[in-house]
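The values are calculated or read from the model by the stated rules, or taken from the named source; none is laboratory data. For clarity, every value in this text was computed on a predicted model and none was experimentally measured. Don't worry about glycine lacking a Cβ; one is built from the backbone with ideal geometry, like all the others, and counts go over all protein chains shown. In case anyone asks, the SASA skips ligands and DNA or RNA and just uses the protein heavy atoms, side chains included. Shrake-Rupley method; radii C 1.70, N 1.55, O 1.52, S 1.80 Å.
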Amino acid sequence: MVSNLQAKGVNENSVHLYKESANTLFNFMGEYQYLTKALENMELMPRYNIESVEYLHLNSNGTPLKRVAIPMLCFCDIFLHKIEPHYDTYGFFGIGISKKLAQSIPIQPITYLNPISPLTKDLGNGLNGILGGSKVGQVGDSLLTELKFLKPIYGKGKIKDQNFHDEHEWRFIPKIDIKVADPILLDTIAADVQFMNTKRSLDELSNLLGTHEEFGIKLQISDINYLFVKDADYVRKLLKWIADSKFDSMEKLDLASKVINLQTLKGDW
């Protein structure tokens, strides 16, 4: 049976248009070279991020599991005039991709949990079943996938306590073969702890992911809505990089038109 909606036809452009949230997903980063590398390869690559899971009350063999490290690309779904607190926390360089692209690849809005809700309790019980060995196979894999897309409403952030829900986060988490890299690190495993406690080690693991292009998000220039840089000096630096890049003349003009000076933008919202 054909539904009334299908029978009348669907306007794809109106389906993809967002009216109460942004039509761009923003990925901010702390280093200018991460931005130019993404443009050079026309690909965004995941990096390992440490996430607190204390609110789930997990334990492995009697040892509390407090932190995990997951390879991911994080995006926020925030209107431009509200984005300053986000880049103040995560970095002054960024790229904005269209939500239409996001809906064509496995990027997923995450689930924010109230630590005292029954959903949080049930997910914690299910995950403890995996850690205790009672839930394996498809059920266990499904719960581990769920874990990678969870965050508490409020908790300790990179710099200070944060209301995480304000970020309206979407995540891209690649499917990683354990023979290539660890899909998740647990702070109850000694070898994993060594990586998690040393930024250089996590960076090395992240750089390993970067050697496998199948783990990233491929980009076309048309997918990019904005390129953000910290100030006027970096605008000039990025424009020079674009001028010297491999792109043809029209592509260079297109990229240059997307460059946004955050310092100037800040004064106008």
Legend entry - Unmet criterion (only one of (1) at pLDDT 95 or above; (2) farther than 29 Å from Y48 by Cβ; (3) open to solvent by 40 Å² or more (accessible area, probe 1.4 Å)) for L265: (1)
Inset, instruction - Considering every residue within segment 78-91, establish whether at least one is assigned to a strand (DSSP E or B), at negative phi and hydrophobic (A, V, I, L, M, F, W, C). - result: no
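Quick grid of which residues meet (1) in contact with a Ser or Thr (Cβ under 9 Å, 6 or more places away or on another chain); (2) closer than 24 Å to I217 by Cα; (3) open to solvent by less than 30 Å² (accessible area, probe 1.4 Å); (4) free of Cβ contacts under 8 Å to residues at least 24 places away in the same chain:
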site: K148; (1), (2), (3), (4): no, yes, no, no
site: G155; (1), (2), (3), (4): yes, no, yes, no
site: D161; (1), (2), (3), (4): no, no, no, yes
site: H168; (1), (2), (3), (4): yes, yes, no, no
site: D177; (1), (2), (3), (4): no, yes, no, yes
Legend entry - Qualifying helices (runs of 4 or more DSSP H) (wholly inside segment 1-41; at least 2 residues being modelled with pLDDT of 95 or more and on the phi < 0 side of the Ramachandran plot): 32-41
Inset, instruction - Return the total of residues in segment 204-255 being charged (D, E, K, R), in contact (Cβ under 8 Å) with a residue 12 or more places away in the chain and open to solvent by less than 100 Å² (accessible area, probe 1.4 Å). - result: 5
Inset, instruction - Report, ordered by the first and then the second residue, all pairs with beta carbons closer than 8 Å, sequence separation of six or more or different chains, a first member in segment 62-77 that is outside any strand (DSSP E or B), and a second member that is aliphatic (A, V, I, L, M). - result: K66/V53; D77/A22; D77/L25
Inset, instruction - Just need a number here: residues in segment 39-66 that are of a type in the set (D, E, K, R) and open to solvent by less than 70 Å² (accessible area, probe 1.4 Å). - result: 3
